[in-house]
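*Asks:* Got a structure here, written out as structure tokens. Questions coming.
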Amino acid sequence: MTTLLEQEKIQQQFKERMNEDELLNCMRCGFCLPTCPTYIESGYKESHSPRGRIAMMKAVVDGMVEPDADFERSLELCLGCRACEPVCPSGVNYGHLLEEARDIINQNKKHSLPVRVVRKTVFEGLFPHQNRMRTMVGLLGFYQRSGIQTLARKTGYLGLLPENLATMEKVLPKVPTMKEMKNRPEHLPALSEKVHKVAFFSGCLMDTMFMKTNDSTMKLLQLAGCEIVIPKEQTCCGALHGHSGEKDSAKELAKKNIAAFEDLGADFIITNAGGCGAFLVDYDHLLKDDPVWKQRAVAFKEKIKDISEILVAVSFHKKVKLELPPQVITYQDSCHLRNVMKTASAPRTLLESIKGVQYQEMKEADRCCGSAGIYNIVESEMSMVMLDYKMVQAKATHATTIVTANPGCLLQMQLGIEREGLSGKMRGVHIVDLLAEAVK
Amino acid sequence: MLSNEVKDKLISIVTKENFDDSKIERLVYSYDATPNFQSMPDAVVSPRNTEEVSEILKICNQYGVPIVPRGSGTNLCAGTCPTEGGVVLLFKHMNKILEIDEENLTITVQPGVITLDLINAIEEKGLFYPPDPSSMKISTIGGNINENSGGLRGLKYGVTRDYVIGLEAVLPNGDIIRTGGKLAKDVAGYDLTRLFVGSEGTLCVITEATLKLIPMPETRKTMLALYQDLSAAARSVSKIIANKIIPTTLEFLDQATLKVVEDYAQIGLPTDVQAVLLIEQDGPAEVVDRDIKKIAEVCKQENAVSIQIAATEEEAMALRTARRAALSAIARLAPTTILEDATVPRSEIANMVKAINEITEKYQLTICTFGHAGDGNLHPTCATDARNHEEMERVEKAFAEIFEKAIELGGTITGEHGVGAMKAPYLEWKLKKEGIAAMMGIKQAFDPNNIMNPGKVFAKDSKKRVVMTR
């Protein structure tokens, strides 16, 4: 609960911090409505639409309404998928407004003790420290390998968890050992005629839990003629912090990353997670109030490229033979890759060039799957509604392989497959892992 | 504020779940797509069927509570802004397609159906519903009927009015009536169907509609004609029609509009020319080819610098989609966009374009002009800032002059956006006192207690002001 005093502080900060021009830029045409998953799934409730949320933010700034519980709820239920941005003819930066609003609410609200402890542990204690991420994922590995997992599943102990968390436990990837996670490369040569020198943004979760996917990414880059540098000083991108109203921590992480990458002489900085990439290309906005850092952030963001974009740019799919056993595959867009990084055709081009497979476009592949960072845990009910809808569309393609381009989406797809009882018949896979498979 | 008595009665009709009077829920139904209009309703109510609508109206009529029926809130005349509070009616439960009748070529729908969903459903069966307002991806058919919406295909196929052949409507006293039907001919009494279409929710609540469909044209072709001279583009419009060709679409976009639309859509629109005509023809292939060729000739005679024909349907679709985004794209230029809807006889379109440019020049404003030139319907849109009072005064004067010019040329103050609250003060300019009195008589006959969308169409007093209406 937010107290009245907190509400007053929040309202004051809205007046001071929200970008009024951006709020006014929304001319309320409603073109965003049909693309908003929460608007549709809530039964066309304007309060769960982008236009409605912007109107509320403006009304708080104007003093027409107080930032009450309903207001907070509406902002919480937003996935942050930003599907409203590419369709907005006026070019409203909804994502920026949302992030600022969430930051104001969060910074002025006293969370309950357990929530405070969890937030502090996750945002300050864990994600910014790659060694602790390794330990954490290492523990998961111990759990998976030691027999505890088998025991936990058999005893039904997992039944104590909320349903989707219990299912989530089943779909987590087999994680690497501590030793494997510590022993990461810092420099790799091109394996064909060198066309670019690139830097690789390895990510915190991607370089631990999804290490195999990072390995595939680097292998593809090498085959595509890229020399790769992987600076050790890089850290978590800060997306999780930024989306959860921890802007200051996000800024610190951004500065570390900019510094880590700026003197490498790389043509591009490659990412393989749409969620991270989208946050990285927004660093200049995050650091907009700091002229020196802003300039450095612009130079940084101009080099960010998703793995599929660079592969298409260097004609990887034309140079390297890609082939797989006959199967139908489909692609689920990563919202942030599509809506923020504007990468939509490159992954499809790559998938369509694999010999032997039939690529089947999914209806509304551009609609959020409900993963949305930690949304599927904190807003599990709405997330599962989104996922069920997604699985109906996925099944309609008759695909046996659902390809994604972001770890969160991948886990969500696997969760969907498990929930539908389709494990063994259908699989979820990151695009680079599928491409690596096709190279063999 | 609703009294507890009214509130309890409304809840007993629709259940608690479909009644909301929380501050946030009221706020998000306090506006539509019209700039500078916002006013909180007292409650938001979502009936599930016609009977519930009837019960709600009886209560509101008894207690004098204003009723504002609302689709998706995309109208541009403040038609659904609850300027006098009251109850906003939503149709989220009444959103079913009830029947597609392929023998009579009709579709029967509830008001909450999204226009594009309706179009998709009938196009699957090779049928065609021409009205295509720019907001059709989200606008509802109930909203379209109440506003008598137009669209890009109006030139050849007409507007919503031309396709509504039957209605079910609830009157303010709760009576449920049916008008028209699946009939090609029907002269049984007054044509209430036509009266209700475009009545902006001021006479009744429409709860069901039967719409006329036509066979899908076999082919269509889309072209752009580029001009370095605005008047030449405008003259081409009248000349094409004078040559006895009626294209499906004949749209005009000036350079300022082209630039913002291209900025948004990025489809390679020409931004180095003064104006563009977007022209489309449909029908049997040989007719379409012949017409497009003839139109191209006319445009060249009128000094078009280039003619481009869309090579694929995707390309044509991209052009249409870009055109539909024009109004909102202009919002990129400035915080406030104020658009007008003046319409003149087609033959006067060149004069109107010329007048708009002179007025823009005179008042030193940024006005982008686009619109359905073939219908004589232009949308001069001013990119401004509502916070800049000095500039708003100039906008005010400029639009008053544009209105005056339109009426002088034999035109009207609104071609397709409606009167609503925004243009209510100027209705008299077009209708004169006697015209208003005649319409007022109709209003009083249907809605003696003035609960149906009060403050719309009829102004409390006729003002001289065009933009700053409050």
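*Asks:* Out of all the residues in region A:282-310, which are assigned to a helix (DSSP H, G or I), among the β-branched types (Val, Ile, Thr) and surrounded by 14 or more Cβ atoms within 10 Å (Cβ to Cβ)?
*Replies:* A:307, A:310
*Asks:* Continuing with the same structure: Pull up region A:15-33, narrow it to residues that are part of a helix (DSSP H, G or I) and within 14 Å of chain B (Cβ to nearest Cβ), then point me to the one that is surrounded by the most Cβ atoms within 10 Å (Cβ to Cβ).
*Replies:* A:33
*Asks:* Here's another thing I want to ask about it. Of all residues in region B:421-449, count the ones that are out of contact with any strand residue (DSSP E or B) (no Cβ under 7 Å at 6 or more places or on another chain), modelled with pLDDT under 95 and not in a helix (DSSP H, G or I).
*Replies:* Final tally of qualifying residues: 2.
*Asks:* Inside region B:42-55, can you point out the residues that are surrounded by 21 or more Cβ atoms within 10 Å (Cβ to Cβ) and away from chain A (no Cβ under 12 Å)?
*Replies:* Passing the criteria: B:43, B:45, B:47, B:52, B:53.
*Asks:* Working carefully through the options B:332, B:324, find the one that is among the basic types (Lys, Arg), outside the structural domain of residue B:138 (by TED's automatic domain parsing), modelled with pLDDT under 95 and within 22 Å of residue B:157 (Cβ to Cβ).
*Replies:* Only one candidate passes the filter, namely B:324.
*Asks:* Could I ask something else about it? Which one of the conditions (1) free of Cβ contacts under 8 Å to residues at least 60 places away in the same chain; (2) outside any loop (DSSP other than H, G, I, E, B) does residue B:185 fail to meet, given that it meets all the rest?
*Replies:* (2)
*Asks:* Here's something else I'd like to know. Counting only residues that are surrounded by fewer than 24 Cβ atoms within 10 Å (Cβ to Cβ) and in a helix (DSSP H, G or I), how many does region B:354-374 have?
*Replies:* So the answer is 10.
*Asks:* Step by step: first the residues of region B:304-336, then only those that are among the polar types (S, T, N, Q) and away from chain A (no Cβ under 14 Å), then the one that is surrounded by the fewest Cβ atoms within 10 Å (Cβ to Cβ). Which residue is that?
*Replies:* Here the answer is B:312.
*Asks:* Can you name every residue in region B:135-150 that is surrounded by 24 or more Cβ atoms within 10 Å (Cβ to Cβ), away from chain A (no Cβ under 14 Å) and either aromatic (Phe, Trp, Tyr) or assigned to a loop (DSSP other than H, G, I, E, B) (or both)?
*Replies:* Hit for region B:135-150 is B:150, nothing else.
*Asks:* Sticking with this structure for a sec: When region B:152-171 is examined, which residues are found to be out of contact with any strand residue (DSSP E or B) (no Cβ under 8 Å at 6 or more places or on another chain) and part of a loop (DSSP other than H, G, I, E, B)?
*Replies:* Residues satisfying the conditions are B:158, B:159.
*Asks:* Out of region A:34-50, which residues are touching a Leu at 6+ places or on another chain (Cβ under 7 Å) and within 10 Å of chain B (Cβ to nearest Cβ)?
*Replies:* Once the filter is applied, which keeps residues that are touching a Leu at 6+ places or on another chain (Cβ under 7 Å) and within 10 Å of chain B (Cβ to nearest Cβ), region A:34-50 yields A:39, A:48, A:49.
*Asks:* Among the helices (runs of 4 or more DSSP H) contained in region A:118-194, which hold 3 or more residues that are at pLDDT below 80?
*Replies:* A:130-145, A:148-155, A:163-171
*Asks:* What about residue A:92, is it touching a Phe, Trp or Tyr at 6+ places or on another chain (Cβ under 8 Å), hydrophobic (A, V, I, L, M, F, W, C), crowded, with 16+ Cβ neighbours inside 10 Å and not in a helix (DSSP H, G or I)?
*Replies:* Considered against the rule, which asks whether it is touching a Phe, Trp or Tyr at 6+ places or on another chain (Cβ under 8 Å), hydrophobic (A, V, I, L, M, F, W, C), crowded, with 16+ Cβ neighbours inside 10 Å and not in a helix (DSSP H, G or I), residue A:92 comes out as no.
For (1) at the interface with chain A (Cβ under 10 Å from one of its Cβ atoms); (2) in contact with a Ser or Thr (Cβ under 9 Å, 6 or more places away or on another chain), each residue gets a yes or a no:
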| position | (1), (2) |
| --- | --- |
| B:3 | no, no |
| B:27 | yes, yes |
| B:33 | yes, yes |
| B:57 | no, no |
| B:68 | no, yes |
| B:109 | no, yes |
| B:113 | no, yes |
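*Asks:* Could you check how many residues of region B:87-100 are under 14 Å from residue B:20 (Cβ atoms) and surrounded by 20 or more Cβ atoms within 10 Å (Cβ to Cβ)?
*Replies:* Matching residues across region B:87-100 total 4.
*Asks:* Mind checking which residues of region A:77-100 are within 15 Å of residue A:378 (Cα to Cα) and away from every other protein chain (no Cβ under 13 Å)?
*Replies:* Passing the criteria: A:78, A:79, A:80.
*Asks:* Okay, next question. Given the structure, is residue A:53 part of a loop (DSSP other than H, G, I, E, B) and either within 24 Å of residue A:239 (Cα to Cα) or away from every other protein chain (no Cβ under 14 Å) (or both)?
*Replies:* Answer is no for this residue.
*Asks:* Could you list, ordered by first residue, the pairs with Cβ atoms under 6 Å in which the first is in region B:404-427 and within 25 Å of residue B:135 (Cα to Cα) and not assigned by TED's automatic domain parsing to the domain that holds residue B:145 and the second is among the charged types (D, E, K, R) and part of a loop (DSSP other than H, G, I, E, B), at least 6 apart or interchain?
*Replies:* B:413/B:423; B:414/B:423; B:418/B:200; B:420/B:456; B:421/B:456
*Asks:* Here is a further query. So, of the residues in region A:61-76 that are aliphatic (A, V, I, L, M) and assigned to a loop (DSSP other than H, G, I, E, B), which turns out to be nearest to the other protein chains (Cβ to nearest Cβ)?
*Replies:* Per the stated criteria, the residue is A:65.
*Asks:* Check every one of the helices (runs of 4 or more DSSP H) wholly within region B:1-69 and list those with 2 or more residues that are farther than 25 Å from residue B:424 by Cβ and either in contact (Cβ under 8 Å) with a residue 40 or more places away in the chain or among the hydrophobic types (A, V, I, L, M, F, W, C) (or both).
*Replies:* B:4-14, B:50-63
*Asks:* Condition test on residue A:58, is it in contact with a helix residue (DSSP H, G or I) (Cβ under 9 Å, 6 or more places away or on another chain), closer than 20 Å to residue A:24 by Cβ and either free of Cβ contacts under 8 Å to residues at least 12 places away in the same chain or within 14 Å of chain B (Cβ to nearest Cβ) (or both)?
*Replies:* yes
*Asks:* When you scan region B:408-416, do you find a residue that is among the acidic types (Asp, Glu), buried (at least 17 other Cβ atoms within 10 Å of the Cβ) and closer than 27 Å to residue B:320 by Cα, even just one?
*Replies:* For region B:408-416, residues among the acidic types (Asp, Glu), buried (at least 17 other Cβ atoms within 10 Å of the Cβ) and closer than 27 Å to residue B:320 by Cα: present.
*Asks:* Would you check which residues across region B:365-377 are touching a helix residue (DSSP H, G or I) at 6+ places or on another chain (Cβ under 7 Å) and over 13 Å from residue B:254 (Cα atoms) and list them?
*Replies:* Result: B:365, B:374, B:375, B:376.
*Asks:* If you don't mind, another one. Only one of (1) crowded, with 17+ Cβ neighbours inside 10 Å; (2) in contact with a helix residue (DSSP H, G or I) (Cβ under 8 Å, 6 or more places away or on another chain); (3) aliphatic (A, V, I, L, M) is not met by residue A:374, so which one is it?
*Replies:* (1)
*Asks:* Of all residues in region B:89-127, count the ones that are more than 21 Å from residue B:249 (Cα to Cα) and assigned to a strand (DSSP E or B).
*Replies:* Adding up the residues that qualify gives 12.
*Asks:* Please specify each residue of region A:417-433 satisfying the condition of being outside any loop (DSSP other than H, G, I, E, B) and modelled with pLDDT under 95.
*Replies:* Within region A:417-433, A:418, A:419, A:423 qualify.
*Asks:* Being within 19 Å of residue B:75 (Cβ to Cβ) and assigned to a loop (DSSP other than H, G, I, E, B) is the requirement here; does residue B:130 meet it?
*Replies:* For residue B:130, the condition - within 19 Å of residue B:75 (Cβ to Cβ) and assigned to a loop (DSSP other than H, G, I, E, B) - is not met.
*Asks:* Let me ask something additional. Please tell me if residue B:342 is farther than 16 Å from residue B:152 by Cβ and within 14 Å of chain A (Cβ to nearest Cβ).
*Replies:* no
The values are calculated or read from the model by the stated rules, or taken from the named source; none is laboratory data. Note that the coordinates shown come from a computational prediction; the quantities given were computed from them, not determined experimentally. Using ideal geometry, Cβ is built from the backbone for each residue, glycine included, and neighbour counts are taken over all protein chains shown.
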